[in-house]
1. Would you kindly state how much longer the chain becomes between Glu130 and Ile215 on full extension, computed as 0.36 nm times their sequence separation minus their alpha carbon distance, in nm to one decimal?
2. Considering only C-alpha atoms, what is the centroid distance from the range 156-233 to the range 1-28, in Å?
3. Compute the relative contact order of the range 88-202 as a whole-number percentage, counting only Cα pairs closer than 8 Å that sit 6 or more residues apart in sequence.
4. Residue farthest toward the positive end of the dipole of the range 96-233, with Cβ of Lys/Arg at +1 and Asp/Glu at -1: which of Val107, Gly150, Val120?
5. Could you tally the net charge around Lys52, taking each other residue with its Cβ under 15 Å from the Cβ of Lys52, Lys/Arg +1 and Asp/Glu -1?
6. Are there GluC sites (Glu not before Pro) in the range 1-54 that DSSP puts in a loop and that have at most 15 other Cβ atoms within 10 Å, and which ones?
7. Taking K and R as +1 and D and E as -1, what net charge do the other residues with C-beta under 11 Å from the C-beta of Arg43 add up to?
8. From Cα coordinates alone, what are the radius of gyration and Dmax values for the range 67-199 in angstrom?
Amino acid sequence: MKIKDKYLSFYYETSGGETPEPKIDPKKTALLLVDLQNEFVSRDYGEALEFKASGEWERWIPFHDRLDDIVIPNNKKLLDFFRKNDMTVTYGRIACLREDGEDRSPVQKSEGWNGMLIPVDSYGAQMVDELAPMKNEIVVNKTTDSVTTGTNYLTLLQFMGIETVVVTGIVTDQCVASTVRGLADAGYKVICVEDACAAGSQELHDAELKIMNVIYCDVLTTDETIALIEKNL
């Protein structure tokens, strides 16, 4: 499988630009949607209101345009495909169990970008309507960036016999990246779906995928991911 020039890192420049095609068993493959919550996706709630109040909304419009026009539709396409083929669907979301947030990790209690308080039952904690979980789909609450840190997610994958995880969500260079690395370190094959993720800027998105590609995951498009799985159904 040819490594896309866009995501060919320094480490693989002399490899001939080829990597083996991922081997997938659909019965042992899970979809993981990361942080596609009202708090971060909505244009009239949560972070968007904070950006508007601080006068920096204009610089975030491209991020929200990408979410609305590309990321959410592609996540819905993946969800529909996994559900149609009775494959495992999972979610990771930022959500604290206490309303005062005392159960959050120190980084989420800190000031700045990672400082956030999203109680589990709040509107902000819920996945956006288009991607809402259905019965028997697992939702893991996290108070860290990675879905694999401080949660039982890896244990659940082990119990379900999962070997490959298809990761989507936001933001590419933070919660998505740390989750991909955590999964890879735990021995899972990982596909990161490039057009089902977004970062604050396209530059950050592309840079992170270039860093992770081949080493920690295979970076594929939504259509490439579906085609790969269909070959093995």
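The values are calculated or read from the model by the stated rules, or taken from the named source; none is laboratory data. As the structure is a prediction and not an experimental result, all values here were calculated from the model. Quick reminder, even Gly has a Cβ in these numbers, built from the backbone with ideal geometry, and neighbours come from all protein chains shown. These area figures cover heavy atoms from the full protein model, side chains too; ligands, DNA and RNA do not enter into them. Shrake-Rupley method; radii C 1.70, N 1.55, O 1.52, S 1.80 Å.
1. Result for the pair: 27.4 nm of gain on full extension.
2. The range 156-233 and the range 1-28 have Cα centres separated by 13 Å.
3. After rounding, I find 23 percent.
4. Projecting each Cα onto the dipole axis, the largest value belongs to Gly150.
5. Neighbourhood net charge equals -4.
6. Glu13
7. -3
8. Computed over the Cα atoms of the range 67-199, radius of gyration and Dmax are 14.5, 43 Å.
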